[in-house]
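The values are calculated or read from the model by the stated rules, or taken from the named source; none is laboratory data. Given the structure is predicted, the values throughout are model-derived calculations rather than measurements. So basically every Cβ, Gly included, is an ideal-geometry build from the backbone, and we count neighbours across all protein chains shown. Remember, those area values only see protein heavy atoms, side chains included, never the ligands or the DNA or RNA. Shrake-Rupley method; radii C 1.70, N 1.55, O 1.52, S 1.80 Å.
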Amino acid sequence: MKQSHYDVSVVGAGPAGLIAAEKIASEGNSVVVFEEHQRIGEPDHCAGLLSTSGLQALELSPPKGMIQNHVLGARLFSPSGDHITIERGKREALVIHRPRFDSWLGELAKGAGATIETSVKVVDVGKDESGNRMLSLRRATESTRISSSIIVNAEGHRGILSTKLGIPTVPRKSKFPAYQFEVEDADVEDDFVEMYFGRQVAPGFFAWLIPLGNGKARIGLAAKDQPRKRLEGIMRFHKGLKDKLQNATISRGFGGVVLLGMPVSPTYAERALAVGDAAGIVKPTTGGGVIFGGVASRVAGRIVNEALKKNDYSTEMLQKYDSGWRSLLINDLRSMNFTHRILSSLADKGLNSLFRDIRDLDLISTIRKEGNMDMQGRVIGRLLTQPIALLAGLKAIRYFCSIP
Ligand SMILES: Cc1cc2nc3c(=O)[nH]c(=O)nc-3n(C[C@H](O)[C@H](O)[C@H](O)COP(=O)(O)OP(=O)(O)OC[C@H]3O[C@@H](n4cnc5c(N)ncnc54)[C@H](O)[C@@H]3O)c2cc1C
């Protein structure tokens, strides 16, 4: 017979929910994860780029079967086609198969003792008379209710349950629709990710080309609107991309929503926490959320374990989650958000000027020396203290436009 009470219910079997579940179950607490889809990790919506340092910070070493490529760094293309290359002579990032990665995280959570129930949608949340959180569940053949002492909301960007729990949600203006194709027989370099900037390419964001090895690649784009149409357009007409893709065939296409901007505040409410995309914990420069979301989920796991041990479910206790992840990430998040806002408000002429100056004034050596794919606050801080970088910034800012 299925249990009707768990110490913790986790909504959503994405990386954020599964990392929190593993941490909570590993201390012997009863945890159930509900996932509305039949299989963990599906449908896929991710480019799969994860920094090796970020994975180390999460103490995760993905098995070979889910690693599609290792990349040395990134080439960033200006609207005029100039490029700068960021690399440090070591493998900076893995390209992973996200559905396999997520289902592996599911195995780790199960191995620690968590129960995972798929094809179960959490349709409502409330409270019972003793203060426990109640969850209304919809399965294929029945609707049921269970209770738990705490809910960890890892529902992703939609924010439906956050609203019911009284946790703020990511604002609509921070959500960028994205579209991605997987292609074969592309003429791509296996060692470098490519990023394409410009208002004609992807207003407010950028397009990416991620090599998977043997001529396979993921090409995608997020923008304020029409991502698929824009992506098809650059694949046919962009002067840097069309040659690389002239013999390529599309094997599949899929969409999603990339988040930008700062996380919500606060990320907790009565007997409830929000983690991952549900809390908007992503890198504001790229929308990548697996590593930062994972870092915050580990903090969530630690605080939930403390609450269960002390039998203390007060908001003062759960507030420690909010302050805990902020102390680790907020400075970097603020710097990245500032940088993203400046970049996305430059007209193409401003971006071209900035790219030229980064190369000609050798600012790239600071980026190479101080840069970190995830914790970008340090390199941004260093650049902002270099007069020459400020000059380049001021030159570019002459071409300020409204944010798209
Ligand atoms: C096109 C694209 C490319 C990206 N590329 C990268 C990248 O290269 N690197 C990177 O780090 N990040 C990338 N991201 C972002 C990354 O995918 C997210 O940040 C990450 O998936 C967030 O994890 P999560 O666990 O918070 O949410 P999700 O992965 O979205 O998981 C949420 C889960 O909750 C389930 N769920 C929702 N509501 C309910 C409910 N009521 N009941 C039961 N289950 C429910 C959903 O089915 C889903 O499985 C990309 C995003 C997009 C759209």
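Would you check which residues across the range 104-140 are within 11 Å of the ligand (Cβ to nearest atom) and part of a helix (DSSP H, G or I) and list them?
Once the filter is applied, which keeps residues that are within 11 Å of the ligand (Cβ to nearest atom) and part of a helix (DSSP H, G or I), the range 104-140 yields Leu105, Gly106.
From the list Thr267, Thr169, which one is open to solvent by less than 10 Å² (accessible area, probe 1.4 Å) and in contact (Cβ under 8 Å) with a residue 60 or more places away in the chain?
It is Thr267.
For (1) open to solvent by 80 Å² or more (accessible area, probe 1.4 Å); (2) at pLDDT below 70, each residue gets a yes or a no:
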| position | (1), (2) |
| --- | --- |
| Asn311 | yes, no |
| Thr315 | no, no |
| Asp322 | no, no |
| Leu333 | no, no |
| Leu343 | no, no |
| Lys349 | yes, no |
| Ala396 | no, yes |
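Provide a single number: the residues in the range 64-113 that are of a type in the set (Asp, Glu), open to solvent by 60 Å² or more (accessible area, probe 1.4 Å) and closer than 20 Å to His37 by Cα.
Residues flagged as of a type in the set (Asp, Glu), open to solvent by 60 Å² or more (accessible area, probe 1.4 Å) and closer than 20 Å to His37 by Cα within the range 64-113 amount to 1.
Only one of Ser149, Ser119 is among the hydroxyl-bearing types (Ser, Thr, Tyr), assigned by TED's automatic domain parsing to the domain that holds Glu306, under 15 Å from Leu165 (Cβ atoms) and at pLDDT 95 or above; which?
Ser149
In this structure, does Val295 turn out to be hydrophobic (A, V, I, L, M, F, W, C), within 16 Å of the ligand (Cβ to nearest atom) and outside any loop (DSSP other than H, G, I, E, B)?
Against the criterion (hydrophobic (A, V, I, L, M, F, W, C), within 16 Å of the ligand (Cβ to nearest atom) and outside any loop (DSSP other than H, G, I, E, B)), Val295 qualifies.
Out of curiosity, is Leu18 outside any loop (DSSP other than H, G, I, E, B) and away from the ligand (no atom under 15 Å from the Cβ)?
The answer is no for Leu18.
Check off (1) within 25 Å of Gly301 (Cβ to Cβ); (2) within 13 Å of the ligand (Cβ to nearest atom); (3) of a type outside the set (D, E, K, R); (4) in contact with a Gly (Cβ under 8 Å, 6 or more places away or on another chain) for Val31 and give me the number that stays unchecked.
Exception for Val31: condition (2).
Sort out for me the strands (runs of 3 or more DSSP E) sitting completely within the range 141-241 that have 1 or more residues that are within 12 Å of the ligand (Cβ to nearest atom) and in contact with a helix residue (DSSP H, G or I) (Cβ under 9 Å, 6 or more places away or on another chain).
Hits in the range 141-241: 143-153, 175-184, 207-213, 216-222.
So, in the range 261-277, exactly how many residues are away from the ligand (no atom under 11 Å from the Cβ) and either among the polar types (S, T, N, Q) or in contact with a helix residue (DSSP H, G or I) (Cβ under 6 Å, 6 or more places away or on another chain) (or both)?
11
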